[in-house]
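Please read the structure below before turning to the comments.
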Amino acid sequence: MAWTRANLAGYGAYLRACGDARGDLIEVDHQIARDGSNAVLVARRAGLLATLGLAPFDASEFGYGFVDELRLHEDTVQGPPTIFGVFATTPMAPYLRGLRLSGDPRFMTRELEAVAKGSYPWLARIKLELMAPPNAKPLIGRALVAKLRTAAPQLVRIEALRFGRFPVVAGPVHPATQVISDPPEPRLLVLELGGQQATIELGRLARLHAGVVDTLSPVAREAWAELRFAIAYRVSVGGTALSADVFRAALAELDPAMYYVSDWDAVRARLAALDTIPITVR
C-alpha cells in the first residue's frame, strides 16, 4: 500500500467494514487533519486508542491507524519482562512505524532485544536518547544489528542523541540503513520553484494552520492536509513532490496581507509556471 492519504482513507473504510477500531481511528485522524481538532474528536480518539490498548503509551505519537513513534523510557509502564513487551501484546504492535527509547544503555539494549524477537514490517525509524559515559561500549552490537534487520526489514534510519561520545553501532549495518548521531531538528520547509528556492519556518507554518486554515473551505483545508501529510510522512524519507494544484488550492483563499501568509509570496508568484513542486526539510 502506497503511503498516501487517499489510500489510507480507503484502507480505513475497509477496516471499519470489518469492525476493526483502527478504521475508526483512521477516519478520526483524517477529519482532524482536514478540519482541525475539537473536544469531541479528541475524546473519541482517546477512547479508540484505549480500546486498542494504547492508553499506557499516551506520550507516543499515533497517526492514521499506525504507531508513528512509540516513546519508551523506564517509567513508561510496568510489566515483565520488558516495557516493549507490554506494547507487543496490543493489537497495534504490527503497525509500529517508529520507536524512540530514552535511558541508559542497559535499558535500551534490553528493549531493542525485545524488538528483535518480533516482526515489525512497517518499522522504519529508531531514535535513541542515550545517557551513558564516554567509555561505554557500542549500544548495538553486530549480532543485534542483524536481528533488528530481520525483525524490521524496512528499517532505514537509526538516530542517536548521545550524552557522551561513544559508538552507537558496532561495525557496519545494512546498506539501506543510515546511522546518524546527534541529528539536527528540521526547522525549514524548502520548496523548489523551477530553479529558485523558497523556505518557510515549520513553526510559522504550524501557527498559520492553527489560526487560519481551519476557517477555510473544505477544498482548501484538504489541500493543507495534503501538505502537512507530505511534511510529516513523505519528506522524511528523502524528499517528495506535490502537485502545484495542491498549493493553488491551499493558497487561493488566504489574504496575502495576513500575518504568516506573506511567507508564501514566492510560491504564489511562481505557481502559474509549475506543475509540481519538490519539497524537503532542513
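The values are calculated or read from the model by the stated rules, or taken from the named source; none is laboratory data. No experiment lies behind these values; they were computed from the predicted model shown. As a convention, Cβ positions derive from the backbone with ideal geometry for all residues, glycine included, and neighbour counts pool all protein chains shown. Calculation scope for accessible area: heavy atoms of the full protein, side chains included, ligands and nucleic acids excluded. Shrake-Rupley method; radii C 1.70, N 1.55, O 1.52, S 1.80 Å.
Mind listing whichever residues of region 90-113 are part of a loop (DSSP other than H, G, I, E, B) and at pLDDT 95 or above?
Within region 90-113, THR90, PRO91, MET92, ARG97 meet the criteria.
Here is a check on your reading of the model: is TYR14 of a type in the set (Phe, Trp, Tyr) and open to solvent by 60 Å² or more (accessible area, probe 1.4 Å)?
It is true that TYR14 is of a type in the set (Phe, Trp, Tyr) and open to solvent by 60 Å² or more (accessible area, probe 1.4 Å).
Among PRO218, PRO167, which is the only one that is farther than 30 Å from ALA88 by Cβ, open to solvent by 50 Å² or more (accessible area, probe 1.4 Å) and touching a residue at least 24 places away in the same chain (Cβ under 8 Å)?
PRO218
Six or more apart or on different chains, Cβ atoms under 6 Å: show the pairs whose first residue is in region 58-87 and without any contact (Cβ under 8 Å) to a residue 60 or more places away in the chain and assigned to a strand (DSSP E or B) and whose second is of a type in the set (Phe, Trp, Tyr) and open to solvent by 30 Å² or more (accessible area, probe 1.4 Å).
PHE66/TYR95; VAL67/TYR95
Can you spot a residue in region 71-84 that is surrounded by fewer than 21 Cβ atoms within 10 Å (Cβ to Cβ), within 30 Å of GLY19 (Cα to Cα) and charged (D, E, K, R)?
Yes: region 71-84 contains one or more residues that are surrounded by fewer than 21 Cβ atoms within 10 Å (Cβ to Cβ), within 30 Å of GLY19 (Cα to Cα) and charged (D, E, K, R).
Tell me which of these ALA6 doesn't satisfy, since it passes every other one: (1) modelled with pLDDT under 95; (2) part of a loop (DSSP other than H, G, I, E, B); (3) open to solvent by 60 Å² or more (accessible area, probe 1.4 Å).
(2)
Consider only pairs whose beta carbons are under 6 Å apart and that are at least six residues apart or on different chains; among these, list those whose first residue lies in region 129-144 and is under 16 Å from VAL179 (Cβ atoms) and whose second residue is among the basic types (Lys, Arg).
From region 129-144, the pairs are LEU130/ARG162.
Give the number of residues within region 236-250 that are surrounded by fewer than 18 Cβ atoms within 10 Å (Cβ to Cβ) and of a type in the set (A, V, I, L, M).
Qualifying residue count for the region: 2.
Looking only at region 139-159, decide whether some residue is of a type in the set (S, T, N, Q) and loosely packed, with under 14 Cβ neighbours inside 10 Å.
Yes, region 139-159 contains a residue that is of a type in the set (S, T, N, Q) and loosely packed, with under 14 Cβ neighbours inside 10 Å.
Can you list residue pairs whose Cβ atoms sit under 6 Å apart, with the first residue in region 179-198 being assigned to a loop (DSSP other than H, G, I, E, B) and surrounded by 16 or more Cβ atoms within 10 Å (Cβ to Cβ) and the second being among the basic types (Lys, Arg) and at pLDDT 90 or above? Count only pairs 6 or more apart in sequence or on different chains.
LEU193/ARG270
Which condition number in (1) part of a strand (DSSP E or B); (2) out of contact with any strand residue (DSSP E or B) (no Cβ under 9 Å at 6 or more places or on another chain); (3) of a type in the set (S, T, N, Q) is the one that SER262 fails?
SER262 satisfies all of (1) part of a strand (DSSP E or B); (2) out of contact with any strand residue (DSSP E or B) (no Cβ under 9 Å at 6 or more places or on another chain); (3) of a type in the set (S, T, N, Q) except (1).
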